[in-house]
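Below you'll find the structure, written out as structure tokens, and then a few comments.
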Amino acid sequence: MGHSLTSFPLQASYFIATLLLVLGLKRMGSPRTARNGIVWAGVGMLLATVVTLAYLPGVWNFTERGSWHRLVLILIALAAGAIPAWWSGRRVPLTEMPQMVAIYNGLGGGAAAAIAAVEIYSGRAYLGSLAFPVIAVTGALIGTVAFGGSIVAFLKLQGWMGSPRISGRHVINGILSLIVLLLTIANIFPSWVPAFGLSISSLVGVFLVTSLILGIIVTLPIGGADMPVVISTYNACIGLAVGFEGFVVQNPAMIIAGTIVGAAGTLLTILMAKAMNRSFMNVWFSGFGDVAAVAATGGPARVMNSMDARDAAATMAYSEDIIVVPGYGLAVAQAQHKLWELVQMLQKRGVKVRFAVHPVAGRMPGHMSVLLAEAGVPYDLIYDLEEINSDFANADISLVIGANDVVNPAARSDKSSPIYGMPILNADQAKQVLVIKRGTGAGFSGIQNELFFGANTHMVFGDAQDVIAKMISGLKEL
Amino acid sequence: MMTGFVALYIFLMAAIAGYEIVARVPVILHTPLMSGSNFVHGIVLVGAMMVLAEAQGSLQVSVGFVGVVMATSNVVGGYVSTERMLEMFHGKEKK
């Protein structure tokens, strides 16, 4: 407690800022208003930041020696945070956006923990009722665990870290959780623990570091395919942590915006998991690899038919109706622009080309629509799963680019498959299937795909960018 | 100064509002909306600045400083990434 921000202009500005943040978030939920939703929220955030800065106690006193030093320090901190984030956010290709969201998100959790730490160091957290230390310390715990986990999510999506199987990880998790719980209680009642010879500041330090490690360990075994659900969960957690610390520093904008993100993020996590046909509990308490590893070993090796990129281009040029199924391989190869060029050439030859986008194509729900739109593909060529699935049977060719699990027929028929029941695109029903794929390996889930062995399937091996470039030059020569 | 119960009511109402906000969101907006809500919890910046302004001694000041840096990254990075993703929806309303 003890932060007195009670002046009328300040409170009124917080009110408007909070309203803008909430309405902005609401507008982001509909395609028509999404773009100005972020602008509304941005204006709200700017207002809250500027007004807070203007009313910070003590720092605007230029007559007293040294008090403006603090203002300079705050401005330096703002610049030190803003410049790298702006630079990286602008520079990173859209395909790598999910991991950037993870890291920016995690830093918010770190900030919530930092607020709690200073409130504890200064003793302000213990001045009021017991609710204050309880909420301050709980918020710090949630924020720090989510921070640690977000770092792991970033490293995994960036491809800098795999999913190591730590033997006895449940035991390690259990012991670590117990230690964190004890440290949480110790921080809430610091007067109980002088016996250990620890000062309150080192107690907080140990608590935060241990929580960070817990967040890292808990997230380590979760496979990369489940990272969207993980990031979304941590997003909700950090919203809650911000709401908690908002109560501790008595800031209504933080309480409301933080809590709304906590609730909205929780529901969003559940919706995302559902769209990916994963249950929330499954993601957190079992590894995707556990089931998949078993499935991948079964079955004798069979032969795939392969086809040269130029031949594939010629086949497409003389067909009438093509449905393109883009997947993560397209995104990784950054081939969306080249693909659109190829499609335009086919259209000039009178071929009807449509795009079938699976809800979870790419790395996250909705990711592929964003990438195609970036390349300039008109929205009316992009079809959802329900809209186009019955059309595959009439299509001459389905061109599958770097997609695997979302076109795996096992999801329809094989009850033992880990992806059984997931809605898939019926690419296998087209008269002919062309698959651009880097190698013969299994998909992200580790499951072998029957589609690739089909009699009407031809594999065009290679990086999507190279293959499509070859197809374009093949078309030019026809 | 908010008493516990007033805060609890605010908390409850905000949670319901948050739930309502995403109850009917199309799948294509899941990722941008997650990024957008990530930006919104960047409001933690105002708390971090308040705390740094009143921090005493080098330990509090350093932790407060790191807090402001992290919160600002959340705000700026969250805004830029959301804005870039949503840019793609410009003028491409379906049919």
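Before moving on, here are some points about what is shown:
- Scanning segment A:67-82 turns up no residue that is at pLDDT 90 or above, in a helix (DSSP H, G or I) and of a type in the set (Ser, Thr, Tyr).
- When segment A:359-404 is filtered for residues that are small (Gly, Ala, Ser) and either buried (at least 17 other Cβ atoms within 10 Å of the Cβ) or under 24 Å from the mean Cα position of the chain (by Cα) (or both), the ones remaining, listed by number, are A:ALA361, A:GLY362, A:GLY366, A:SER369, A:ALA373, A:ALA375, A:GLY376, A:ALA395, A:SER398, A:GLY402, A:ALA403.
- Total residues in segment B:40-75, condition without any contact (Cβ under 8 Å) to a residue 12 or more places away in the chain and either open to solvent by 10 Å² or more (accessible area, probe 1.4 Å) or at positive phi (or both): 13
- Odd one out for A:GLY421 among (1) modelled with pLDDT under 85; (2) within 14 Å of chain B (Cβ to nearest Cβ): (2)
- If only residues of segment B:1-15 that are part of a helix (DSSP H, G or I) and at the interface with chain A (Cβ under 7 Å from one of its Cβ atoms) are counted, the one that is most open to solvent (accessible area, probe 1.4 Å) is B:PHE11.
- Selection count where residues are within 7 Å of chain B (Cβ to nearest Cβ), of a type in the set (A, V, I, L, M) and in a helix (DSSP H, G or I), scope segment A:233-270: 13
- In segment A:93-123, residue farthest from A:LEU155 (Cα to Cα) [restricted to those that are at pLDDT below 95, within 8 Å of chain B (Cβ to nearest Cβ) and open to solvent by 10 Å² or more (accessible area, probe 1.4 Å)]: A:SER122
- Test: residue in segment A:69-90 that is closer than 23 Å to B:SER62 by Cα, more than 7 Å from chain B (Cβ to nearest Cβ) and in contact (Cβ under 8 Å) with a residue 40 or more places away in the chain: no
- Within segment A:146-167, restricting attention to residues that are among the β-branched types (Val, Ile, Thr) and open to solvent by 30 Å² or more (accessible area, probe 1.4 Å), the residue that is nearest to the chain's Cα centre (by Cα) is A:ILE151.
- In segment B:46-71, the residues that are more than 7 Å from every other protein chain (Cβ to nearest Cβ) and either of a type in the set (Phe, Trp, Tyr) or within 24 Å of A:GLY37 (Cα to Cα) (or both): none
- Answer from B:ILE28, B:ILE43 - the residue that is at the interface with chain A (Cβ under 7 Å from one of its Cβ atoms) and more than 15 Å from the chain's Cα centre (by Cα): B:ILE28
- The numbered conditions (1) more than 30 Å from B:VAL22 (Cβ to Cβ); (2) open to solvent by 20 Å² or more (accessible area, probe 1.4 Å); (3) at pLDDT below 90 are all true for A:LEU203 except (2).
- For segment A:371-403, taking the residues that are in a helix (DSSP H, G or I) and aromatic (Phe, Trp, Tyr), the one that is nearest to A:VAL435 (Cα to Cα) is identified as A:PHE392.
- Selection count where residues are surrounded by fewer than 22 Cβ atoms within 10 Å (Cβ to Cβ), at the interface with chain B (Cβ under 10 Å from one of its Cβ atoms) and modelled with pLDDT of 90 or more, scope segment A:23-41: 5
- Residue in segment A:337-358 that is within 14 Å of chain B (Cβ to nearest Cβ), over 19 Å from A:ASP466 (Cβ atoms) and either among the hydroxyl-bearing types (Ser, Thr, Tyr) or within 21 Å of the chain's Cα centre (by Cα) (or both) present: yes
- Residue pairs whose Cβ atoms lie under 7 Å apart, separated by 6 or more positions or on different chains, with the first residue in segment A:175-198 and at pLDDT below 90 and the second open to solvent by 70 Å² or more (accessible area, probe 1.4 Å), are A:ALA186/A:TRP192.
- Selection of segment A:410-435 for residues being in contact with a strand residue (DSSP E or B) (Cβ under 9 Å, 6 or more places away or on another chain), over 19 Å from A:VAL360 (Cβ atoms) and not polar (S, T, N, Q) yields A:ALA430, A:LYS431, A:VAL433, A:LEU434.
The values are calculated or read from the model by the stated rules, or taken from the named source; none is laboratory data. None of the values given here were measured: they were computed from a predicted structure. Glycine also receives a Cβ, built like all others from the backbone with ideal geometry; neighbour counts cover every protein chain displayed. Note: accessible area is taken over every heavy atom of the protein model, side chains too, but ligands, DNA and RNA are not part of it. Shrake-Rupley method; radii C 1.70, N 1.55, O 1.52, S 1.80 Å.
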